[in-house]
Amino acid sequence: MGANASNYPHSCSPRVGGNSQAQQTFIGTSSYSQQGYGCESKLYSLDHGHEKPQDKKKRTSGLATLKKKFIKRRKSNRSADHAKQMRELLSGWDVRDVNALVEEYEGTSALKELSLQASLARPEARTLQKDMADLYEYKYCTDVDLIFQETCFPVHRAILAARCPFFKTLLSSSPEYGAEIIMDINTAGIDMPMFSALLHYLYTGEFGMEDSRFQNVDILVQLSEEFGTPNSLDVDMRGLFDYMCYYDVVLSFSSDSELVEAFGANQNCLDEELKAHKAVISARSPFFRNLLQRRIRTGEEITDRTLRTPTRIILDESIIPKKYAKVILHCMYTDVVDLSVLHCSPSVGSLSEVQALVAGRPNMTRAEEAMELYHIALFLEFNMLAQAIRFPGPALGTTEKAAIFFAL
């Protein structure tokens, strides 16, 4: 039996005769033209058979004209409002003031362009995550050894304790420097590469290797049950900065350059000390890393280890004022520059502040402090801090940003 094509809903066969309204029952904008028969649809309409072409053209042209009038009126109103506001603002100004305003606009535009070009040209600063990856790879200033499957993994007690509850409990039972701890892991399937990747994750927040086992939910659940689930790297490093657990170095400040060179001093000659971790400051600053490695070569580090006392680093305050030390340390642990710290502790003074008061100079502005901190960051080879100040965020105003940009 043959099938009638007109019974199918997608048939394009024309139907001759009948109600003309039924011939134009199409929803959409498509046009059908097959076998010489034309049938053009109307947009979202079910009845257009009785509409005259003249009426349709008149209605369309009327709507288009009204739309053009609204657009023209809206544009003219906006232009008129701006022009009126500028006239009212500048009506009482002197010509020199207007010229100064124009120069200010031109300078701001040029500064924006220069800042954009500099941002594109400057090298990428090393982040906390990258420096922590290097710390794990190159083993700067390690203080404990983990033995797993007859392989030694030198690590940093403070980092693992801050990142992992399992290691915090394990390391507390062996507080001595250079302790060797044999690892006994209950999770099945953990070999040496996977254990190394686990340590890499605690240092950086990433496993550092492609292994299908890390995609296995069961293994991850077993690891989290045995080792605990760490927070993000930023949160744990901020906690390490706030509480300074297992700190092994103190920063002291002195105005006596000979005292600094001798690396020894009377306690009364030293200002307030700041606690830190060798692992962090050596990872973030080549200056501190070279300083600590030199102490190891000269044997000074052995004395500190024997006495179980933190290493004391005495800094010349004429080069690194004490008031910037907390800003620097905060950035080393968090990658965040917080200049508000400079004004939160009025009792903490520095040599430069005392000299300014004696000389009768006014207090430094926020921009001047940022510029001084920038040069200190260059001295310490701490690129993250230098670039954060060189291209400041919302902490500084537009005028201060411009002063820093053109002064550096």
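The values are calculated or read from the model by the stated rules, or taken from the named source; none is laboratory data. Quantities reported herein were computed from a predicted structural model and do not represent experimental measurements. We place every Cβ from the backbone using ideal geometry, glycine too, and count neighbours over all the protein chains shown. Accessible surface is based on the protein model in full, side chains and every heavy atom, while ligands, DNA and RNA are left aside. Shrake-Rupley method; radii C 1.70, N 1.55, O 1.52, S 1.80 Å.
If you filter the stretch 294-328 down to residues that are more than 22 Å from CYS245 (Cβ to Cβ) and free of Cβ contacts under 8 Å to residues at least 12 places away in the same chain, you find that the one that is most open to solvent (accessible area, probe 1.4 Å) is ARG297.
Here GLU137 passes the criteria (1) in contact with a His (Cβ under 9 Å, 6 or more places away or on another chain); (2) on the phi < 0 side of the Ramachandran plot; (3) in contact (Cβ under 8 Å) with a residue 12 or more places away in the chain except the one numbered (3).
On inspection, ALA283 qualifies as at pLDDT 95 or above and either over 19 Å from TYR177 (Cβ atoms) or in a helix (DSSP H, G or I) (or both). Where strands (runs of 3 or more DSSP E) sit wholly within the stretch 112-197, those with at least 2 residues that are aliphatic (A, V, I, L, M) occupy 144-148, 179-182. Flag not set for GLU226, criterion: under 23 Å from the mean Cα position of the chain (by Cα) and in contact (Cβ under 8 Å) with a residue 24 or more places away in the chain. Kindly establish whether VAL95 is surrounded by fewer than 12 Cβ atoms within 10 Å (Cβ to Cβ) and aliphatic (A, V, I, L, M). Yes; evaluated as a whole, the condition is true for this residue. Of the set (1) within 26 Å of the chain's Cα centre (by Cα); (2) crowded, with 16+ Cβ neighbours inside 10 Å; (3) of a type outside the set (A, V, I, L, M, F, W, C), all apply to GLN117 but (2). Before we move on, is TYR37 modelled with pLDDT under 85, touching a Pro at 6+ places or on another chain (Cβ under 9 Å) and of a type outside the set (S, T, N, Q)? Against the criterion (modelled with pLDDT under 85, touching a Pro at 6+ places or on another chain (Cβ under 9 Å) and of a type outside the set (S, T, N, Q)), TYR37 qualifies.
Residue count for the stretch 203-217 under the criterion of being at pLDDT 95 or above and either open to solvent by 20 Å² or more (accessible area, probe 1.4 Å) or more than 28 Å from the chain's Cα centre (by Cα) (or both): the result is 0.
Here is the figure for the stretch 340-381: residues that are modelled with pLDDT of 85 or more and either surrounded by fewer than 14 Cβ atoms within 10 Å (Cβ to Cβ) or not small (Gly, Ala, Ser) (or both) total 12.
Considering the conditions (1) open to solvent by 60 Å² or more (accessible area, probe 1.4 Å); (2) outside any helix (DSSP H, G or I); (3) farther than 30 Å from ILE281 by Cα; (4) of a type outside the set (D, E, K, R), LEU220 is excluded by exactly one of them, (2). Screening the stretch 153-175 for residues that are open to solvent by 30 Å² or more (accessible area, probe 1.4 Å) and touching a residue at least 24 places away in the same chain (Cβ under 8 Å) and picking the one that is nearest to LEU385 (Cα to Cα) gives ALA162.
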